[in-house]
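The structure appears right after this line, and notes come after that.
Every number in this text was worked out from the coordinates using simple rules, so none of it is lab data. Note that the coordinates shown come from a computational prediction; the quantities given were computed from them, not determined experimentally. Glycine gets a Cβ as well: all are built from the backbone with ideal geometry, and neighbour counts include every protein chain shown.
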Amino acid sequence: MLARVTGGKSTIHMTPPGSPLAFPDTATPGRVIAHRGASGVAPENTLAAFREGARQGARWVEVDVSLLGDGTAVLHHDATLDRCTDGTGPLTQLGARDLAGLDAGSWFGPGFAGEPLPTLEQTLDLLEALELYANLEMKPHGAPPAPIARAVAAALAKRPWTASRILISSFDLDALAALGGLMPEQPLAVLYEPPPNDWPRVLKRLRARSLHVEDGELDEDILARASAEGFHVRVYTVNEPAPVLRFRDAGLSGVITDHPPLFLDDPGWARWARDDQAG
Ligand code: G3P
Ligand code: MG
């Protein structure tokens, strides 16, 4: 807000509630984002999970990006292979050539045996074919942020469609700053469990347009501040719709869920969830 006093009269220039900041943003059809793909019914962060998300009607998927030891960007949540593949040990001990032998599906169910651990490049090709939007979460796992930012930027730069259809997020503010330095026009989201009180200042510093907050940490004050300043707020990981109903009606921009049909196929949620004008 700017206040100017002229000849005893006061003129106040206010930012209208909800007015967009001059930061890049995605065009965002729909408000339901399939977390790690449709990870309620398919192994997380696999091509099968992204196909299933599209089949369920989600327009967005959220995916976790990690680096192998040779700098290859892959889709994987953890720093180690143990939980979600038939391998063991840290990702950093692998290079691209080691991916061929890995099974990232059997841990979830026998119907997914042999599902590969996908590279970011393979994932972007599938997202383009399925016409999906994506929230791509960078996970440096405590390593310096520049390599993962460089790997993501290199993959996106080859594909012009990603400029308006990929939203980059991270808990790691340094990784977001590094990505923003390489790709100033790429939409960014800051991830928090509970956001600090100065979260709007952090988003402005990073030129991020979106705040992603953990389920249970969102409140009306966050939504009111976001609305006043033109930020989007999305909440993760919501697998029970009822408690977020009051936030939907207070301006929530989206939900990140393992089970998109909870929203897309519920008559009480479907109109909001499928809105093609979603902001
Ligand atoms: O991007 C939202 C959510 O995925 C962040 O937490 O641990 O599931 O990657 P996590
Ligand atoms: Mg994630």
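Structure summary
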quantity	calculated
Derived scalar couplings ³J(HN,Hα) [region 154-159; Karplus, 6.51 cos²θ - 1.76 cosθ + 1.60; whole Hz; x for Gly, Pro]	5, 5, 5, 4, 6, 10
In Hz, Karplus ³J(HN,Hα) per residue of region 229-239 (6.51, -1.76, 1.60; θ = phi - 60°; x = Gly, Pro)	10, x, 8, 8, 10, 10, 10, 10, 9, 9, 10
Cα lying deepest toward the dipole's positive end in the chain, options 188, 24, 63, charges on Cβ	24
Coil-residue trypsin sites (Lys or Arg not before Pro) of region 97-199, DSSP, other Cβ within 10 Å capped at 13	158
Within region 26-53, backbone nitrogen closer than 19 Å to the virtual label 7 Å beyond the Cα of residue 276 toward Cβ	26-33
Region 21-67-region 143-168 distance, computed between alpha-carbon centres (Å)	16 Å
Under 5 Å, built H, 5+ apart or other chain: amide partners of residue 167	134, 135, 136
Where chymotrypsin sites (Phe, Trp or Tyr not before Pro) in DSSP loops with at most 15 other Cβ within 10 Å are excluded, longest remaining stretch of the chain	1-160
Relative contact order, percent, the chain [alpha-carbon distance under 8 Å, six or more residues apart]	23 percent
With at most 15 neighbouring Cβ atoms within 10 Å, loop GluC sites (Glu not before Pro) (DSSP) excluded, longest segment of the chain	1-130
Max mean-square fluctuation residue, GNM over the chain, Cα-Cα springs under 10 Å, options 256, 33, 222	222
Label-point separation, residue 266 to residue 83 (7 Å along Cα→Cβ), nm	2.5 nm
Label-point separation in nm, residue 192 to residue 106, each point 7 Å along Cα→Cβ	4.3 nm
Within the chain, helix-based [θ] at 222 nm, where runs of 4 or more DSSP H residues each add -39,500 (n - 2.57), nearest 500	-7500 deg cm²/dmol
Sites residue 55 and residue 164, calculated FRET efficiency, Cβ-Cβ separation with R0 25 Å, nearest 0.05	0.60
Rounded FRET efficiency, nearest 0.05, which uses the C-beta distance separating residue 228 from residue 128 and R0 of 30 Å	0.25
Charge dipole (debye, nearest 20) of the chain; +1 at Cβ of Lys and Arg, -1 at Cβ of Asp and Glu	1220 debye
Whole-Hz ³J(HN,Hα) from phi, Karplus 6.51 cos²θ - 1.76 cosθ + 1.60, for region 30-43, glycine and proline x	x, 10, 10, 10, 6, 6, 6, x, 7, 6, x, 10, 8, x
Potential lengthening between residue 93 and residue 219 on full extension [0.36 nm per residue; Cα-Cα distance subtracted]	41.2 nm
Shape call, region 25-273: gyration tensor on alpha carbons, a/c limit 1.5	oblate
